[in-house]
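**Student:** The structure is given below, and queries will be raised subsequently.
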Amino acid sequence: MGGRQLLDVAAAEKAVDAVAADLKVDRHEAARGIHRIVNTTMAEGVRLVSVRRGVDPRRFALLSFGGASGLHATDVARQLDLARVVVPRVAAVLSAWGMLATDLRFEVARTHIGDAGRLDGGAVKQLFAEMETEGLARLRRSFDGPTKSYRSADMRYGEQIFEVNVPLDDVDWSVADPLPQIVERFHKRHEELYTYALREQEAVLVNARAVVTGVLPDLPQEPNLPAAAPTAPRGERRIYLQGWTMAPVFAFDLLAPGQTVDGPAVIESGMTTVLLRPGDKATVTPRGWLDIAVPLRGVAA
């Protein structure tokens, strides 16, 4: 809260002391261990949606969002070998911003298991049309603006135990039997995800899905900040990394476009606190975001 409310240090020390006693370490090592476990868990979450799906996270920047994210982001980046972290000015309320910017959405699904080669193509076509009509009717109860519709199917090969979601937006639904197109798109999608397709095997349709969205107007973009001279830190604070050190404290809202801040440093606002570790270098973008360069492995944090 930008210094308007003080943390209960005694309560925090009491809580950490209980952990420290179990681990037979001192208070600060216990707190550092807790922080490290939290960061490692976050990094593993990123690996789960990237490395385990064949995507190298090192090709990307880490976008920091949430009120506490600034305390963790650069360490998470180090664990993932990411060289860049971006912290928006509205990082603490980015989820709420995203909710306001997201189109309204109703999704209708029907389980319709069967070998696509043996299903009634006309019945499948009618099923998708009925689901789309249902989704639109539900949306119209509270929204009268423009809409878009999307269709997809969860499919698998006969011997598989998991399904692949297959977008069907480019299927020609005017034909009497759209199933051959649906099956071909499944083969192509499977090949995109897993590098192979088994066209000689049966393709099983498991779930039919229709999504109807209400298109909302775009939210206004953040304006660029006016040019200004770099601001000085408003004080210093003792912080604990691998040991105690003094770090300058900057006001996030007062940083000037183009200004750079070298770690270790603390950047705080009324909604968030951003920690720059040794070696980190934050550059303020024209919109007041932080674009942080993180050193690769081998640099102590």
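The values are calculated or read from the model by the stated rules, or taken from the named source; none is laboratory data. Keep in mind that this is a model prediction, so the values were computed, not measured. All Cβ positions, even for glycine, are placed from backbone atoms using ideal geometry, and neighbour counts span all protein chains on display. Side chains included, ligands, DNA and RNA excluded: accessible areas come from the protein's heavy atoms. Shrake-Rupley method; radii C 1.70, N 1.55, O 1.52, S 1.80 Å.
**Student:** Where in the stretch 77-179 are there trypsin sites (Lys or Arg not before Pro) that are in a DSSP coil and have at most 12 other Cβ atoms within 10 angstrom of their Cβ?
**Tutor:** Those satisfying the criteria are 118, 141.
**Student:** Same structure, new question: Which of the lysines could be linked to residue 188 by a straight reach, that is with a Cα gap under 29 Å, when you skip same-chain ones fewer than 8 residues away?
**Tutor:** Answer for residue 188, where 29 Å is the Cα cut-off: 125, 148, listed by chain and number.
**Student:** Write out the GluC sites (Glu not before Pro) in the stretch 130-236 meeting two conditions: DSSP loop, and at most 12 other Cβ atoms within 10 Å of their Cβ.
**Tutor:** 159, 200
**Student:** Something else now. Less than 14 Å Cβ to Cβ from residue 267, Lys/Arg counted +1 and Asp/Glu -1: what total charge do the surrounding residues give?
**Tutor:** -1
**Student:** Take 198, 139, 296 and sort them by solvent-accessible surface of the protein heavy atoms, 1.4 Å probe, largest at the top.
**Tutor:** 296, 198, 139
**Student:** Do any trypsin sites (Lys or Arg not before Pro) in the stretch 1-42 lie in a loop, going by DSSP, with at most 10 other beta-carbon atoms within 10 Å of their beta carbon, and if so which?
**Tutor:** On the way: sites: 4, 14, 24, 27, 32, 36; in loops: 4, 24.
In loop regions of the stretch 1-42 (DSSP not H, G, I, E or B), the sparsely surrounded trypsin sites (Lys or Arg not before Pro) are 4, 24.
**Student:** Using the C-alpha atoms of the stretch 45-143, what convex hull volume per residue, in cubic angstrom, is computed?
**Tutor:** Per-residue hull volume (Cα only) is 161 Å³.
**Student:** Can you give the calculated 222 nm mean residue ellipticity of the chain, where each DSSP H run of n ≥ 4 adds -39,500 (n - 2.57) and the sum is split over every residue, rounded to the nearest 500 deg cm²/dmol?
**Tutor:** -9500 deg cm²/dmol
**Student:** Where in the chain lies the longest segment free of chymotrypsin sites (Phe, Trp or Tyr not before Pro) that are both loop residues by DSSP (not H, G, I, E, B) and have at most 15 other Cβ atoms within 10 Å?
**Tutor:** 197-301
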